[in-house]
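> One structure, as structure tokens, below. Some questions next.
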Amino acid sequence: MNFMKYFIFIFFPINFISAQSLNSPLLIAFPEAKPYASSELVNNGFYPELIIEVFNRLNYDIEIIFLPFKRILRMLKEGTLAGAGLVSYDKNREAYLIYPDQPLYIDNINLMGLKEGGKISPFEGIKSLKGVSVGVFRGSQIESELIKNDVDYEPVETIEMSLRMLLANRIDFVISPEVMSKYLLKNRFNRSENNLIEYYQRPLKYDRHFLTFSKKMPNVKAVSFNFDRTLLSLKADGTYKKIKDKYHLP
């Protein structure tokens, strides 16, 4: 039985080959985003462990690196990455990305604020945020929606930074995937800090996270199709749930 070889890098190599080849490992990038993916987690988190299992079944070699999300998007455009995980659907990104049909996971995008902070009533979605400041993950799809609605926002490299800015009254609200924010509040903040923060009741939207592939990668349609089909089989045979449950995801 052939076992897939994979390598983990947490730095940015000086030189990448200009195009990915299936004769060499596929270079897959993730942002640091606990508990989905992080160089600090066992097996690098849910998404890396999941895609390693998928590509193992396909007998593809991969390399995983961790980079800032905006750099990931730029490298996908250039074709210096084969693919990237934790990418939300955005119609504009279809110009340079192939999206499989099967998402890695579906999460809620929530709005959080201080219990003693300003309230928005009635709250009617992103357009209701005009006139307040919002912390958001740099390069995320929600960032483009804030720009479109002329909302004042603070882009950050990690949601933890946004939450600390909220507690310091430097911003009014934070927009974050629910799983990520709950993980951070539980593991990186004390009880008294948790008690200061509240969620707005309904999610802003539902966010599908994909492993996407650069259109500049050779045989990209075949790779995406095979990944899609194999991920679906993992969901059907219980392997997906088994991996997901290890990270206590709902």
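Every number here is computed from the coordinates shown, using simple stated rules; none is lab data. Here the structure is a predicted model, which is why all the values come from computation and not from measurement. Every residue, glycine as well, gets a Cβ built from its backbone with ideal geometry; the counts of neighbours run over all protein chains shown.
> Relative to the first principal axis of the alpha-carbon coordinates of the chain, what is the inclination of helix 220-237, with its axis defined by its Cα atoms, in degrees from 0 to 90 and to the nearest 10?
70
> If you don't mind, another one. Choose one answer from Asn190, Asn219, Asn149: the residue with the largest mean-square fluctuation in a GNM of the chain with alpha-carbon springs under 10 Å.
Most flexible of the set in this elastic network: Asn190.
> Within a Cβ distance under 9 Å of Val134, other residues only, what is the Lys/Arg minus Asp/Glu net charge?
-3
> Scattering from the C-alpha atoms of the chain alone, worked out with Debye: what is log10 I(q)/I(0) at q = 0.12 1/Å?
-0.71
> Separate question: Can you tell me the equivalent ellipsoid semi-axes for the stretch 45-164? Use √(5λ) from the Cα gyration tensor, largest first, whole Å.
Equivalent ellipsoid semi-axes, largest first: 32, 16, 14 Å.
> Same structure, new question: Quick one: helix 178-188 against the long Cα principal axis of the chain, what's the angle to the nearest 10°, folded into 0 to 90?
So the inclination is approximately 80 degrees.
> So, one more: Explain nothing, just the number: relative contact order of the stretch 108-206, from Cα pairs under 8 Å at least 6 residues apart, as a whole percent.
45
> Compute the angle between helix 69-78 and the longest alpha-carbon principal axis of the chain, please, reported from 0 to 90 degrees and rounded to the nearest 10.
40
> Which percent, to the nearest 5, of DSSP beta bridges fully inside the chain are antiparallel?
Here the share of antiparallel DSSP bridges comes out near 55 percent.
> Could you name the lysines in cross-link range of Lys119, using Cα to Cα under 18 Å and dropping any fewer than eight places away on the same chain?
Lys127, Lys130
> Okay, next question. Among DSSP beta bridges lying fully in the stretch 108-206, give the percent that are antiparallel, nearest 5.
Counting DSSP beta bridges with both partners in the stretch 108-206, the antiparallel share is about 60 percent.
> Also: Given all pairs of different Cα atoms, what value in angstroms does the Kirkwood hydrodynamic radius of the stretch 108-206 take?
Taking every pair of different Cα atoms in the stretch 108-206, averaging 1/r and inverting gives 13.3 Å.
> For the chain, what relative contact order do you get, as a whole percent, if you take Cα pairs closer than 8 Å and at least 6 residues apart?
27
> Show me the GluC sites (Glu not before Pro) within the stretch 110-145 that DSSP assigns to loop and that have at most 14 other Cβ atoms within 10 Å of their Cβ.
For GluC sites (Glu not before Pro) across the stretch 110-145 that sit outside H, G, I, E and B with at most 14 neighbouring Cβ atoms in 10 Å, the list reads Glu116, Glu124.
> About the Cα centre of the chain, how large is the charge dipole given +1 on each Lys and Arg Cβ and -1 on each Asp and Glu Cβ? Please answer in debye to the nearest 20.
Taking the Cα centre of the chain as origin, the dipole is about 240 debye.
> Same structure again: In whole Å, how far is the Cα centre of the stretch 177-192 from that of the stretch 107-121?
Spelled out, the Cα-based centre of one part sits 15 Å from the other.
> Answer with one residue from Ile62, Leu76, Pro100: the one whose Cα lies farthest towards the positive end of the charge dipole of the stretch 60-100, charges on Cβ with Lys, Arg +1 and Asp, Glu -1.
Final value for the positive-end residue is Leu76.
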